Structure formats: structure tokens, C-alpha cells
Amino acid sequence: MTKSTVKQDQIEAVTRGWVVYLHSGEATPDKVAEFESWLASDPRHLLAYRDMEQLMGDLSLVMETDADAPLVEAPVAAKPPWRDVRRISAGLAGVAVVAIGFILALTSSSVPVAPADPIPAVETQIAEIRDILLPDGTHVTLGARSRIESRFTDDLRIVRLSEGEAFFDVSHDAKRPFYVEVGDKLIRVVGTQFDVRQRADSVKVSVVEGVVEVLQAEDPVRAEKHRPEVSKDVLRAGDEVTAKIGSVKREFGMVEPESAAAWRRGWLAYEDASLGEIVSDTNRYNSQQIILESPGMENLRVTAAFGVDNIDQFITGLEASYDIQAEYTASDEIILRTAQ
């Protein structure tokens with residue numbers, strides 16, 4: 001018997017145990033969370049679970065074993081399924097519904113990533129938004145033209161945002177802090193919701209829920225060990241900070257938690273932002289690339305809100321409000337220049 005055969009037999013044995021347990025009517029929320037982590041830790045686990053469910057009958061038959069239990073709808077792409085499933089599971093008499101909701105989440109149109117160990121890097125292209133599920137149950141929405149890499153240890157959960165923007169809905173675990181490495185800054189949480197955007201010269205953090213620490217440090221292991229001595233800013237829901245890379249300079253602001261990370265809903269909104277910042281974001285979400293031709297245009301302060309699929313609305317507003325002309329080229333570029 002080969003090692004791979006032995007491993008597969010072990011997976012099937014564990015899978016049988018989970019199937020029996022989840023349909024026993026005795027499952028607890030803690031065990032359901034453990035099942036979710038196990039299922040997400042290796043793509044083979046999901047395949048084995050599906051096969052075992054088929055042996056017991058199709059999904060409709062599984063649901064019929066608990067006809068009184070409410071059904072869990074397949075989650076939409078922009079909404080993390082995990083927290084809702086856990087809240088519902090605590091009050092369900094039959095935990096089979098939780099398992100079904102989990103499988104529907106993994107097969108929904110958003111195509112979430114269930115990474116194996118080691119966790120692969122995830123990268124998006126222009127105009128692509130992707131939902132990612134990490135092994136601990138943390139849900140990440142990765143913005144267009146963005147990239148993250150993850151590594152988990154027994155003591156720390158670490159994600160590096162090397163490009164673009166991401167929204168984090170971090171699964172609570174006080175014993176294993178969650179760190180985001182971005183630029184030369186660290187973001188530390190134990191369970192919360194926040195948005196992180198990296199630019200060439202700065203990092204912006206917007207907090208939707210909970211408490212977030214932004215540390216002037218680059219090594220999560222060392223930062224955690226010497227946390228009391230590390231310089232940090234503590235942010236709460238509605239707080240926002242823009243920290244300069246390579247500097248201790250930062251600017252603090254406020255944001256409506258409901259409107260933070262509006263890009264997840266296909267909307268870009270700015271108040272007194274530089275034109276360079278807006279164009280940088282817009283170019284990540286649209287195949288039409290905007291080029292600022294005249295010197296100094298990137299410093300123009302603009303307030304604007306528009307859909308990512310309606311760039312023309314933004315361009316028309318610029319031409320009407322500022323001394324700017326737009327030229328649409330055959331190569332799908334929009335060249336902006338100051339009017340002559």
C-alpha cells in the first residue's frame with residue numbers, strides 16, 4: 001500500500017466520522033467550527049465529504065431528515081457565509097443544514113478559494129474581485145489587481161498584502177492574533193472587520209467593526225513579542241488612517257462603517273482625494289485606462305462618487321467641474337490634460 005493510498009484511507013475514515021456526527025443532531029457550534037476548518041484545510045477533504053454525502057443520498061434527501069429545520073440560502077458573493085452559518089447553527093436542531101450551506105458557499109458563483117497547507121498566493125486581475133476563505137474561517141474580499149500571501153503558525157495568523165486592496169472579516173481567536181503585512185506597516189487584530197489599501201507611497205486602513213492596531217513595524221513575530229514597546233495607533237469602528245510608507249507620518253480621518261470598502265459593491269467614492277489616487281483605483285477596476293498627461297494633475301483635489309462600470313460619468317464630471325479635457329483613444333485609453 002502506497003503512502004498516498006494510506007493518506008486517502010485516513011481522509012475517508014475521518015470524513016465518515018464527520019458525516020455521522022453532523023447528522024447526529026448532537027453537534028455543537030465549537031465542533032461545527034472545527035469541521036469548517038478541517039474542510040477548508042485541504043481540497044481533498046471537500047471532495048471526500050461530497051462523495052460520502054452521495055453515498056448517504058443526494059442533498060435533498062439529507063435535508064428531508066430534518067424537515068422542521070430552516071433552510072440556509074446560498075450566500076451572495078459579497079457577504080461572508082461563515083459568521084451567518086455559525087450564528088444559525090447554535091439554534092438548529094439538525095446540523096445537516098450547516099453542512100449543506102457550507103458546500104453551497106464553496107460552489108457559489110463567487111468561487112471562494114479554500115487554500116491548502118501551505119496556503120497559496122492569490123492574485124486578481126483588472127476588474128476582478130474575489131472572495132477567499134482562509135483555514136481559520138477568516139473571509140477576505142480581494143479587490144481588483146491585488147495580491148495576498150498567507151502563512152499560519154501555531155501562534156500567529158499572517159497575511160501579506162503586496163498589492164492593491166483587501167477587506168478582512170477576521171475570525172476571532174484571542175490566542176492567535178491576526179497580522180496583515182502591508183508596506184512597512186503591520187495591522188494587528190484578533191477578530192474584526194477592516195479595509196486595507198496599499199499605494200506606492202502610503203497605506204490606508206479603514207475600520208468597520210472592532211479594534212485595529214496599526215504598528216510601525218515589519219516583523220509580526222518580533223512585533224508580537226515586544227508589542228508593549230512597539231509604536232502603534234489604535235483604531236475603532238469609523239476610524240481611518242493613511243500612513244506614509246518609509247515614514248512615521250500619518251493622517252487620521254473618519255469613515256462611515258457602512259460605506260467603507262464600497263468597491264465591494266461596485267462603487268468608488270472619494271471626498272477631497274487627489275486625482276492621482278482616484279485614477280489609480282479606477283484603473284484597477286476598468287479595462288479603459290486613464291492617463292494623466294499634464295504635469296501636476298495628480299495633485300488636483302476631487303470629490304466624486306461613481307460606479308466602476310460607469311467611468312464615463314466620472315470623466316464627464318471632471319470636464320464640467322475642472323479645466324480638463326478628455327481624449328478617448330483607439331487603444332482604449334482615456335487621456336486627461338489641462339484645457340489649452
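The values are calculated or read from the model by the stated rules, or taken from the named source; none is laboratory data. All values reported here derive from a predicted model rather than from experimental measurement. Every residue, glycine as well, gets a Cβ built from its backbone with ideal geometry; the counts of neighbours run over all protein chains shown. All accessible areas refer to the heavy atoms of the entire protein, side chains included, with ligands and DNA or RNA removed. Shrake-Rupley method; radii C 1.70, N 1.55, O 1.52, S 1.80 Å.
Would you say Ala166 is small (Gly, Ala, Ser) and surrounded by 23 or more Cβ atoms within 10 Å (Cβ to Cβ)?
yes
Out of segment 16-30, which residues are at pLDDT below 75 and open to solvent by less than 80 Å² (accessible area, probe 1.4 Å)? Outline the logic, then answer.
Applying the first criterion (at pLDDT below 75) to segment 16-30 yields 16-27, 29-30.
The answer is Gly17, Trp18, Val19, Tyr21, Leu22, His23, Ser24, Gly25, Ala27, Pro29.
Can we say Asp155 is touching a Lys or Arg at 6+ places or on another chain (Cβ under 7 Å), open to solvent by 30 Å² or more (accessible area, probe 1.4 Å) and more than 25 Å from Leu268 (Cα to Cα)? Break it down into steps so the answer makes sense when it comes.
Values: touching a Lys or Arg at 6+ places or on another chain (Cβ under 7 Å): yes; open to solvent by 30 Å² or more (accessible area, probe 1.4 Å): yes; more than 25 Å from Leu268 (Cα to Cα): yes.
Taking the combined requirement at face value, the residue satisfies it.
Before we move on, is Gly307 open to solvent by less than 50 Å² (accessible area, probe 1.4 Å) and more than 23 Å from Glu128 (Cβ to Cβ)?
No, not satisfied.
Are any residues in segment 187-238 charged (D, E, K, R) and closer than 26 Å to Val279 by Cβ, and if so, which ones?
Hits for segment 187-238 are Asp195, Arg197, Arg199, Asp201, Lys204.
If the requirement is being of a type in the set (Phe, Trp, Tyr) and touching a residue at least 60 places away in the same chain (Cβ under 8 Å), which of these qualifies: Trp267, Trp263? Walk me through how you get there before you give the answer.
On the way: Trp267 fails: touching a residue at least 60 places away in the same chain (Cβ under 8 Å).
Only one candidate passes the filter, namely Trp263.
Would you please name the residue that is modelled with the lowest pLDDT, looking only at residues in segment 217-247 that are closer than 26 Å to Ala200 by Cβ, in a loop (DSSP other than H, G, I, E, B) and of a type outside the set (A, V, I, L, M, F, W, C)?
Checking each candidate, the answer is Glu218.
Output the qualifying pairs, or none if there are none: Cβ atoms under 6 angstrom, residues six or more apart or on different chains, first residue in segment 320-340 and closer than 21 Å to Tyr285 by Cβ, second residue open to solvent by 70 Å² or more (accessible area, probe 1.4 Å) and not in a helix (DSSP H, G or I).
Ile334/Tyr328; Ile335/Glu293; Ile335/Glu327
For segment 265-299, give me the residue count where each residue is hydroxyl-bearing (Ser, Thr, Tyr), open to solvent by 30 Å² or more (accessible area, probe 1.4 Å) and part of a helix (DSSP H, G or I). Write out each step before concluding.
We begin by selecting, within segment 265-299, every residue hydroxyl-bearing (Ser, Thr, Tyr); these are 270, 274, 280, 282, 285, 287, 294.
With the extra rule that they be open to solvent by 30 Å² or more (accessible area, probe 1.4 Å), the set shrinks to 280, 287.
When the remaining residues are screened for being part of a helix (DSSP H, G or I), the result is 280.
The qualifying residues number 1.
When you look at Gly137, is it crowded, with 20+ Cβ neighbours inside 10 Å and farther than 21 Å from Val190 by Cβ, yes or no?
Spelling it out, it is not the case that Gly137 is crowded, with 20+ Cβ neighbours inside 10 Å and farther than 21 Å from Val190 by Cβ.
Go through (1) farther than 21 Å from Ala260 by Cβ; (2) part of a loop (DSSP other than H, G, I, E, B); (3) in contact with a helix residue (DSSP H, G or I) (Cβ under 8 Å, 6 or more places away or on another chain) for Pro120 and report which single condition fails.
Here Pro120 meets the rest and fails (3).
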